[in-house]
Amino acid sequence: MDPVLTSAAGAGILADYPRSAGRHDAMLAADGSVRPHWRPLLDELARIDGPELEHRHRAVRRQIRDNGVTYNVYDDAGGAARPWDLDTLPFILDGQEWATIEAGIVQRARLADAVLADIYGPRRLLETGRLPPHLPAGHPQFLRPLIGVRPPGGVHVLVYAADLTCGPDGTWTVLADRVEAPSGMGYALENRIVVSQAFADPFRDGHVVRLAAFFQAMKDALATLLPSGRARGVLLSPGPHNEAYFEHAFLAHYLGLALVEGDDLTVHDGDVYLKTLGGLRRADLVMRRVDSLFADPLELKADSSLGVPGLVEAARAGRVVLANPLGGAVVEGPAMAAFLPDLCRTLLGEELRLPGVRTHWCGTAAGRRAALAALDRSVVRDAFDSVPLFARGSNARLGIEMDRGDRGRLARLMERRGATLAVQEVMPPCLAPALVEGRLVPRPVALRVFAAWTPAGYVVLPGGLARVGQGDGERATLSMQSGAASKDVWVASGRPQGERFTLLRSQSEPLTIRRGGDEPPSRALDNLLWLGRYAERAEALARTIRAVVRRLGDDAGPDAGGAPDLARRLFVPYAQASEAAAAAAEAGDGAALAREMLALAADRNQPHGLARTLAGVRRTAWSVRDRLSLDHWRSILALTEEEDEAATDLADLAARLDMLVRRTAALAGLSAENMTRGPNWLFLDFGRRIERGVGATWVARQLVGEPDERAIERMQMALEIADSAMTYRFRYLGTFQPAPVLDLLLLDESNPRSAAHQVATLARHLNELREQLVVENDMVALLVRLRRTDPALLTRPGGVGGLSDAVAGTLYGLSDALADRYFRPSLRRRTGSAPRREGG
């Protein structure tokens with residue numbers, strides 16, 4: 001037996017690892033021995049014990065969670081919060097095997113580019129009969145408005161991907177070509193970062209080829225297509241609800257692109273512009289992750305809310321580089337695979353180096369006969385099917401599962417509509433070891449490999465993204481949308497890799513000093529403002545619920561002291577609680593109120609409860625993921641993560657609220673101390689200050705000034721909610737009177753929790769904007785009023801109410817003014833909502 005197998009088996013890792021007859025196992029040679037390029041990894045597995053391996057596995061999962069790496073599986077219970085599923089063990093290729101794949105991928109990228117150039121250009125393939133007219137013309141994503149349009153540089157495929165697997169004889173076969181908007185590069189890069197840390201020694205000893213040079217080559221190549229002296233690029237994403245939004249944000253950050261949605265861009269006279277705080281800025285490069293059909297509601301799919309009206313016009317004018325150019329999906333259909341060998345000979349004068357799955361197009365009599373003859377070992381698909389095989393929504397059907405009646409109906413359908421059908425022979429995917437409960441188990445795997453155009457030819461990402469299938473055999477599901485896991489892909493070069501390459505500039509290259517960054521899209525600033533508002537609202541609500549809960553305590557019976565009165569004043573007018581909470585507060589029923597406080601903190605069905613507010617924090621933060629540092633994002637994850645079990649009693653709830661308040665304070669501290677003072681920080685702070693100023697006046701109005709037997713208790717609670725109790729105690733030595741309390745909460749600019757402090761800060765923020773807003777005069781007038789107000793006058797009837805109305809009205813007016821000036825063009829998918837607090 002192979003010595004590595006013997007050693008590893010001693011550690012229990014490779015015990016009972018099965019050898020699968022008739023399937024290619026990437027780790028094993030034909031004689032069952034471990035292939036040499038897998039030995040460094042297996043040596044590491046043999047060296048460490050089970051607890052250490054489990055520790056590394058947990059560390060990988062923790063890093064994936066902390067980095068916010070997600071992939072949303074539609075209809076999955078985890079929804080957008082589903083963590084990226086990464087198998088800890090990499091998929092390893094040797095240099096010789098990789099050279100074969102690399103050469104084949106380069107050729108297929110050239111072929112896809114040549115086919116698209118002909119389909120949208122001279123159409124000689126159609127005229128000579130090399131390609132049936134129905135295949136491009138009948139494809140639902142064939143874009144007639146782009147016929148005759150030559151993209152910048154004449155390149156139709158700037159980024160290419162292919163899905164591959166390996167047959168029993170060791171031959172790599174292409175399962176599908178991806179040209180439209182190939183996804184997965186960002187996940188491949190994240191996988192590499194995580195796995196290379198988990199197995200640093202095998203990564204080094206295996207001389208694994210690094211990835212950064214590929215991305216640098218891609219960036220440099222795109223720059224050659226841009227007008228001289230201009231290099232503003234954006235990554236166009238469908239938005240935060242897309243399953244791969246993490247990748248969009250990650251790639252945009254890594255490549256130095258602005259992450260945008262369709263609403264962030266506009267087209268004027270054939271030029272694409274980005275809407276920013278400072279006005280329109282021309283965008284010369286659009287790396288798109290929006291399918292072509294949805295990219296322009298003006299000329300393509302009219303009901304699309306994802307695209308940019310006029311983008312086709314800009315493409316026709318050649319004034320923008322699209323990566324990839326529109327219309328590439330036409331070469332991805334299964335039926336096209338039947339013609340690629342002949343097209344390769346015709347267009348490139350070469351034999352196809354990487355074969356595709358044997359495919360029969362049913363648009364001819366010969367094709368139908370061949371398809372029916374191969375049915376037992378094939379799958380029937382729509383000729384233009386874009387859904388991965390056997391993934392959710394796929395209409396693919398295994399021929400072996402069809403009875404005689406089904407086959408008769410299929411034959412008749414082929415006679416009527418054969419041009420819309422393709423039959424592909426099934427190729428079970430190859431196998432690779434996966435870590436399952438501390439043991440190595442073979443799992444079906446397919447690779448996605450990426451190529452990028454450069455002026456010198458296509459370059460290939462050395463590695464890629466491996467997908468670990470669910471199930472096995474013919475129905476193995478390798479789609480990420482259907483729950484497949486992923487692996488990092490290592491290319492073992494056999495020679496040291498030298499210095500680590502990075503996308504950062506050389507240390508010796510002089511840089512121009514800059515004191516500002518890029519100009520964010522208006523939509524991003526809108527979401528940052530709402531992130532500030534939601535975060536502040538969550539903190540205020542947590543402090544308020546905690547104050548009521550502390551006063552319930554042991555009094556949560558039929559007569560709960562002053563807690564119901566406090567809850568009635570704070571929650572009922574603000575509509576923060578359900579009708580049941582209102583009834584409990586009005587009736588003075590402490591037990592019922594305790595139950596409602598638990599619900600208000602944890603029930604997501606409470607429209608303005610704490611759980612819903614925290615969901616707003618996470619949603620808006622996710623929308624601006626590319627604008628937040630990793631520490632900032634992790635702080636938000638810690639703040640918004642849902643508890644496994646809801647609090648069951650007041651003591652448990654109070655402890656959780658204490659933790660929540662500390663986490664909101666940590667988030668506020670990161671924002672205040674770690675964010676550069678630019679537009680991102682400015683609008684985040686706008687939102688926080690607006691919400692805090694309105695909240696301060698609300699608490700003062702509801703709890704201070706009414707002389708009765710509970711007046712002191714209410715003032716103490718107001719100071720507690722405003723985190724100003726210590727300051728008051730040091731100043732006034734425990735003597736509670738309305739005037740000094742109102743002064744501290746409303747008028748004292750030295751108190752960072754007071755309304756006056758918020759108004760003064762907002763007035764300074766307005767001065768930092770490039771243009772004056774009408775509301776700026778109102779803000780200055782309000783600040784003057786606050787500075788001139790005598791605290792004693794606020795204790796008179798209507799004093800607090802009048803000032804509270806003035807503050808709230810001006811701050812809400814500021815929020816509306818910012819939206820009117822900067823955000824109105826991006827209102828199609830606003831993420832914020834603000835129920836206004838009416839006076840009472």
Could you check the spin-label model distance between R407 and I147? Points 7 Å from the Cα along Cα→Cβ, value in nm.
4.1 nm
From the phi angles alone, apply the Karplus equation (6.51, -1.76, 1.60; θ = phi - 60°) to the stretch 350-365 and give each ³J(HN,Hα) in whole Hz, x where the residue is Gly or Pro.
9, 7, 5, 6, 10, x, x, 4, 4, 10, 10, 8, 8, x, 10, 4
Kindly rank 105-111, 674-680, 249-255 from highest to lowest mean number of other beta carbons found within 10 Å of each residue.
105-111, 249-255, 674-680
Rounded to whole Hz and in sequence order, give me ³J(HN,Hα) for the stretch 602-612 from the Karplus expression 6.51 cos²θ - 1.76 cosθ + 1.60, θ = phi - 60°, writing x for Gly and Pro.
10, 7, 5, 7, 6, x, 10, x, 5, 4, 5
Compute the helix-to-body angle for 679-703: its Cα long axis versus the longest principal axis of the chain, expressed 0 to 90° and rounded to tens.
40 degrees
So, with +1 on the Cβ of K and R and -1 on the Cβ of D and E, and no other charges, what is the size of the charge dipole of the chain about its Cα centre, to the nearest 20 debye?
1840 debye
Of the accessible area of the chain, with the probe set at 1.4 angstrom, what percent is carbon plus sulfur?
50 percent
Where in the stretch 689-721 does the label zone of A763 land, with the point 7 angstrom along Cα→C-beta and an amide N cut-off under 19 Å?
689-697
Using Cα-Cα distances under 8 Å and only pairs 6 or more residues apart, what relative contact order does the stretch 128-285 have, in percent?
15 percent
Taking only the Cα positions of the chain, the convex hull volume per residue in Å³ is 200 Å³
Excluding residues fewer than 8 places away in the same chain, name every one of the lysines whose C-alpha is closer than 28 Å to that of K487.
K219
To test your reading of the geometry: what angle, between 0 and 90 degrees and rounded to tens, separates the Cα axis of helix 650-674 from the longest principal axis of the chain?
80 degrees
Two decimals is fine: what's Rg over Rh for the stretch 361-425, C-alpha atoms, Kirkwood radius as Rh?
0.94
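Taking only Cα atoms of the stretch 677-826, what ratio of Rg to Rh do you get with Rh as the Kirkwood inverse-distance radius?
Answer for the stretch 677-826: 1.01.
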Using a simple spin-label model with points 7 Å from Cα along the Cα→Cβ vector, what separation in nm is obtained for M726 and D201?
4.9 nm
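When ligands, DNA and RNA are left out and all protein chains stay put, how many square angstrom of accessible area per residue does the stretch 677-826 have with a 1.4 Å probe?
For the stretch 677-826, the per-residue accessible area is 43 Å².
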By a straight-distance test (C-alpha under 17 Å), which lysines pair with K301 as possible cross-link partners, with residues fewer than eight away in the same chain excluded?
none
Taking amide hydrogens as modeled 1.01 Å from N in the peptide plane, which residues meet the under 5 Å criterion relative to D488, leaving out close sequence neighbours?
F91
What list of ³J(HN,Hα) values in whole Hz, one per residue of the stretch 124-141 in order, does the Karplus curve 6.51 cos²θ - 1.76 cosθ + 1.60 (θ = phi - 60°) give from phi, with Gly and Pro shown as x?
5, 4, 6, 5, 8, x, 5, 9, x, x, 5, 5, x, 5, x, 6, x, 10
Given the candidates L116, T810, N751, the one whose Cα lies deepest towards the positive end of the charge dipole of the chain, counting +1 at each Lys or Arg C-beta and -1 at each Asp or Glu C-beta, is L116
Could you sort 299-311, 787-799, 720-732, 738-750 so that the peptide with the highest average Cβ count within 10 Å comes first and the rest follow in order?
738-750, 299-311, 720-732, 787-799
Between V661 and H253, what is the label-to-label distance in nm when each label sits 7 Å out along the Cα-to-Cβ direction?
3.2 nm
Å² of accessible area per residue within the stretch 361-425, as computed with a 1.4 Å probe and no ligands counted:
51 Å²
In a shell of Cβ-Cβ distance under 12 Å around R543, excluding R543 itself, what net charge do Lys and Arg (+1) and Asp and Glu (-1) give?
+1
Taking H placed 1.01 Å from N in the peptide plane, check which residues at least 5 places from A446 or on another chain put their amide H under 5 Å from its amide H.
R467, G469
Protection proxy ranking, peptides 694-706, 455-467, 17-29, average beta carbon neighbours within 10 Å, highest first
694-706, 455-467, 17-29
Scoring the chain by relative contact order with C-alpha pairs under 8 Å, at least six apart, yields a percentage of 13 percent
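The values are calculated or read from the model by the stated rules, or taken from the named source; none is laboratory data. Quick caveat: nothing in here was measured; it's all calculated off a predicted structure. With ideal geometry, Cβ positions are generated from the backbone for all residues, glycine too; neighbour counts draw on all protein chains shown. When the accessible area is computed, the model is the full protein with side chains, heavy atoms only, and any ligands, DNA or RNA have been set aside. Shrake-Rupley method; radii C 1.70, N 1.55, O 1.52, S 1.80 Å.
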